[in-house]
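One structure below.
No lab work stands behind these numbers, since they all come straight from the coordinates. No experiment lies behind these values; they were computed from the predicted model shown. Heads up, the Cβs are rebuilt from the backbone with ideal geometry, glycines too, and the neighbour counts pull from every protein chain shown.
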Amino acid sequence: MSFFKTVLFWIFVGFISVKACSDFVFIVDGEVDENFAGRALQRRKEIALKTAQQLDLGFHRAALIFYGKRPSSNLLITSFEEDQTKDLFTSKLRAQFDNLLLKNASKALEPSYGASDAIETLLKQVLPHKKMGALVILLFFTDGKARENENGRLEKLTAKLSKKHYIHSFVINSESSISEERLQTLLLLTNGEKKSIITSQDRQQTLEQKMISTLRSFISCEQTSKFRTLRRKPIALSPAAPVAPITATTQIPPKAPRFNPRTTTQKPSRVSSGSRFGGCMMDIVFLMDFSGGARDKREKYINIASEMIRNMQLGENETQIAFVRYSGLKRTDSVFHFKKHYNASEAIEEIAKTPTLGGTTRTGAAMLDASKEFDRRFGGRTTAQKFMIVFTDAYSQDDPVDASAKLYQERVKVLAVAVDDAIQPPDHEQLKSIATDQKSIFLEKDFHKLFTYFSQCRQ
């Protein structure tokens, strides 16, 4: 019977993963240098069509935005459509380019609009219709020429895009050389990721080969199917022992276990190991987003963590804490490991002195890096309950769901903590991706519960 359920589960997961492919947005700049207009537009058309032909539309979805000098007054040519086919989308894309080439020759094009106008169209008319849980892949076909007085507005709009964790941006540029000024525009479009600028400068690969290799994981649905499969965190297929200590009367629940250090099946008793109460041996990693976008929240994060630490019973055989800060890729920094602080005031003092890092936000990568703190060489204990508390506004440039699933499989309970922000409220969807379960998400209205979450060992 259990085998039959397992088979049904994987059939179900497989079905979901196929339907969860990415949403692609083709954002095409119809304006090129006048001296090479015909040839440059023709090349841009070839690359855009070859990219579209790689997509299995019907599983993927695609939208098309044209800016610069355009054959029609509308920037949005087509948005996401459920019954979309590859032939239908490529025919619309081809028709726009053909019309553009024709009207460019006769000088009958609409006035030029910049990349900032295209992004505003994306934010208002396209992203509200994205598929739930899907990644959105932005493909800018442009040489990076900015319109007059556009940079300030472009910076503000691309900053908004950078806060949306589900977006991955790429530039596809067929030019063999890029000026420094245009490179800065391309970096704005890719959130500072130079590797996301696909050009023909690499002599080892053609532009088409580089485009396919760069986008392969998104084109094949690998990223998204992985997201949907791991997000379920199935206890039946990947069993994890419950974190609460097992006693003679403890029953393992049929559903995925919930971590709750305050709940036991019998009255706590003293144990010879030195722990004040059975089940109070906990290793807790505080992981804080110290990126540029969370700079204004640093003090609040530290105050929350400090209050939690004051309510813990620190000790070699009781609760141990480690503190890790992070921002972008490969910018995870362990401020102190387990075993360093068994005095709450000293731990709080060191946390309070820790400066921000600045830069972008990669929460998923940071969670995996911070999980190394549970290793014995850093003071981790195999018999302790493991917790990671992630302080973030949940606007990561990577998707943390894989990291969360991996930590779950390693029996690490993940709590997500976010503070209120009237201008940029925390992203609740990403908080769900970070936390082990819904009850492990703590917003400001829940902080009174958070402050006493680990306080059982003080009673």
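Our estimate of slack between E81 and F447, defined as 0.36 nm per intervening residue step minus the Cα-Cα distance, is 127.5 nm.
The distance between label points at K194 and S112 comes to 2.7 nm (points 7 Å beyond Cα on the Cα→Cβ vector).
Decide, for the stretch 90-216, between rounded, prolate and oblate: order the square roots of the alpha carbon gyration tensor eigenvalues as a ≥ b ≥ c, take rounded if a/c falls under 1.5, and otherwise choose prolate if a/b is larger than b/c, else oblate. Verdict is rounded for the stretch 90-216.
If both residues of a DSSP beta bridge must be in the stretch 16-228, then about 15% of such bridges are antiparallel. Between N343 and S176, the C-beta separation translates, for a Förster distance of 60 Å, into a calculated FRET efficiency of about 0.45.
Inter-part distance, the stretch 121-187 to the stretch 379-403, computed on C-alpha centroids, equals 30 Å.
Full extension of the chain segment joining L102 with Q209 gains 35.6 nm, where the gain is 0.36 nm per residue of separation less the Cα-Cα distance.
Gyration tensor analysis over the Cα atoms of the stretch 306-459 returns equivalent ellipsoid semi-axes of 23, 18, 16 Å (largest first, whole Å).
Given labels modelled 7 Å from the Cα in the Cβ direction, how far is it in nm from R377 to R39? Using points 7 Å along Cα→Cβ, the separation is 5.6 nm.
If R0 is 25 Å, what FRET efficiency do you get for S73 and A159 from their C-beta distance, rounded to 0.05? Calculated value: 0.35. Estimated at 0.36 nm per residue, the fully extended path between E316 and L49 surpasses their Cα-Cα distance by 89.9 nm. Computing FRET efficiency as 1/(1 + (r/R0)^6) for L88 and Q201, where r is the C-beta to C-beta distance and R0 is 30 Å, gives about 0.35. Our coupling estimate for the stretch 70-76, obtained by passing each phi through the Karplus curve with A = 6.51, B = -1.76, C = 1.60 and θ = phi - 60°, is 10, x, 10, 6, 7, 7, 7 Hz, Gly and Pro reported as x.
Each of Q438 and K406 was given a label point 7 Å from its Cα along the Cα-to-Cβ line. The distance between the two points is 2.8 nm.
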